[in-house]
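Accompanying notes for the structure given below.
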């Protein structure tokens, strides 16, 4: 079992996304940026994913970097503000 599965917001779907992205450990995840992962996932799968996937990436990266586990929706308002401002990653 991957150490990624021990992160708060990681279930089967997130593990599958990480596999598509080639991310196999929390150390590897800690070096990532949520925007980059979201854009790459959309490109690799050929579809636009729900923006909440970005929030999961943000939450898991935060936990991988700091050890502090927050719910993924703690990152939603910042993403929505970026979407409103037109600065959210373009897919």
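Where residues in the stretch 71-81 are in contact with a helix residue (DSSP H, G or I) (Cβ under 9 Å, 6 or more places away or on another chain) and in a helix (DSSP H, G or I), which of them is nearest to residue 10 (Cα to Cα)?
Here is the first cut: in the stretch 71-81, the ones in contact with a helix residue (DSSP H, G or I) (Cβ under 9 Å, 6 or more places away or on another chain) are 71-76, 78-79.
Next cut, in a helix (DSSP H, G or I) only: 72-76, 78-79.
Working: 72: 10, 73: 13, 74: 15, 75: 15, 76: 16, 78: 20, 79: 19 Å.
Filtering the stretch 71-81 for residues that are in contact with a helix residue (DSSP H, G or I) (Cβ under 9 Å, 6 or more places away or on another chain) and in a helix (DSSP H, G or I), the one nearest to residue 10 (Cα to Cα) comes out as 72.
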Filtering the stretch 16-41 for residues that are closer than 24 Å to residue 78 by Cβ and not in a loop (DSSP other than H, G, I, E, B) leaves a count of 15
Of those in the stretch 50-70 that are outside any helix (DSSP H, G or I) and in contact (Cβ under 8 Å) with a residue 24 or more places away in the chain, the residue surrounded by the fewest Cβ atoms within 10 Å (Cβ to Cβ) is 69
Conditions (1) surrounded by fewer than 17 Cβ atoms within 10 Å (Cβ to Cβ); (2) within 13 Å of the chain's Cα centre (by Cα) -> residue 6 fails only (2)
The lone condition residue 44 fails out of (1) assigned to a helix (DSSP H, G or I); (2) exposed (fewer than 13 other Cβ atoms within 10 Å of the Cβ); (3) free of Cβ contacts under 8 Å to residues at least 24 places away in the same chain; (4) touching a helix residue (DSSP H, G or I) at 6+ places or on another chain (Cβ under 9 Å) is (3)
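None of the figures in this text is laboratory data; all of them are computed from the coordinates on show. Source: prediction; values computed, not measured. Ideal geometry is used to build each Cβ from the backbone, glycine not excepted, and the neighbour counts take in all protein chains shown.
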